[in-house]
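Asker: Could you have a look at this structure, given as C-alpha cells, before my questions?
The values are calculated or read from the model by the stated rules, or taken from the named source; none is laboratory data. The structure presented is a predicted model; accordingly, all values stated were derived computationally and were not measured. Cβ: placed from backbone, ideal geometry, glycine included. Neighbour counts: every protein chain shown.
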Amino acid sequence: MHRIALATLLASLAALAAPAARADEVARDRREKAGDRRELRQDRREVGDDARDLARLEELLGALDAARGRGDRAAILRLDTEVERELAAEARESRMEAALDRLEVRRDHRELAGDRRDKREERREGDRAGLRDDRRDARDDRRDLRDDRRDLDRERRAQARRDVIGREWTRLRGRTGPAEVGARRAYLLELIDLARGELRQDRKEIREDRRELGEDRRETREDRRENR
C-alpha cells in the first residue's frame, strides 16, 4: 500500500514538474530567438562593411592601373598610403568580427551544456517527448558550434594573409619600377578576391540566420502546444 502511495506521489510530482520544464523550454526558445536575431543584424552590418571594402579595393585597383598607364610615379606613391590605410581599417574590422565570433562560440557551448542538463532532467522525469526535443536541440546546437568555429577560423586565416600583404606592401614603398608596380597590382587582386569571398560568406551566414530563426519559431510553437 505504501509502495502504491509512493508511486502515485512520484507520478503526481512528475506531472507537476513537466509544465514547469516546458515553460523553461519556452523561455529558452525566446533567448535563442533573440540571439539569432542579434546574429542576423550583425551579419547584415558585415555585408554592408564588406561591400564597401570591396568597392574601395576595386577603386584603388582602377587608380593604380590609370597611374601606371600615365606613368605617374607620384600617383602610385600616393596610393601606397591609401592602401595601407585601407588595410589598417580592415584589420580593425577583422578584430571586431573575430571577437563577435568568439562570443558566438561561447554561447554555443552554453547552449550545449543546457541541452545536456535538460536531457538529464527529462530522463529522470520519463519525458519522452522532451527527450526527442532535446536531441533535436543538441543536434542544431552542435551544427551551430561547427559553423561558428569555421567562421572564426576563416576570419583568422583571411586576416593573417592581409597582414602578410601589408608587410610586403611596406617593402614596396618608394619603388615604382615595372616589377614593383606589378607586385602592387597582384596584391590588390588578392585583396579583392579575399573581400569577395568574405561577402559571399556573409550572405551565406544571413541565409543560415534566417533558417535558424525559422527553427526557433517552430520549436517555440511546439513547446507551447506541449505546455497546454
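Asker: Regarding region 187-199, can at least one residue be identified that is part of a helix (DSSP H, G or I), touching a helix residue (DSSP H, G or I) at 6+ places or on another chain (Cβ under 8 Å) and among the hydroxyl-bearing types (Ser, Thr, Tyr)?
Answerer: Checked against the condition, which is being part of a helix (DSSP H, G or I), touching a helix residue (DSSP H, G or I) at 6+ places or on another chain (Cβ under 8 Å) and among the hydroxyl-bearing types (Ser, Thr, Tyr), region 187-199 yields at least one hit.
Asker: I'm checking my understanding of the structure. Among residues of region 163-201 that are over 21 Å from residue 75 (Cβ atoms) and either in contact (Cβ under 8 Å) with a residue 40 or more places away in the chain or surrounded by 18 or more Cβ atoms within 10 Å (Cβ to Cβ) (or both), which one is nearest to the chain's Cα centre (by Cα)?
Answerer: Filtering region 163-201 for residues that are over 21 Å from residue 75 (Cβ atoms) and either in contact (Cβ under 8 Å) with a residue 40 or more places away in the chain or surrounded by 18 or more Cβ atoms within 10 Å (Cβ to Cβ) (or both), the one nearest to the chain's Cα centre (by Cα) comes out as 201.
Asker: Another one. Does residue 117 satisfy the criteria of being assigned to a helix (DSSP H, G or I), modelled with pLDDT of 70 or more and closer than 30 Å to residue 77 by Cβ?
Answerer: It is false that residue 117 is assigned to a helix (DSSP H, G or I), modelled with pLDDT of 70 or more and closer than 30 Å to residue 77 by Cβ.
Asker: Considering region 60-78 alone, what residues qualify as being of a type outside the set (Lys, Arg), over 12 Å from residue 185 (Cα atoms) and in a helix (DSSP H, G or I)?
Answerer: 69, 74, 75, 77
Asker: Does residue 185 satisfy the condition of being more than 18 Å from residue 81 (Cα to Cα) and of a type in the set (Lys, Arg)?
Answerer: No; evaluated as a whole, the condition is false for this residue.
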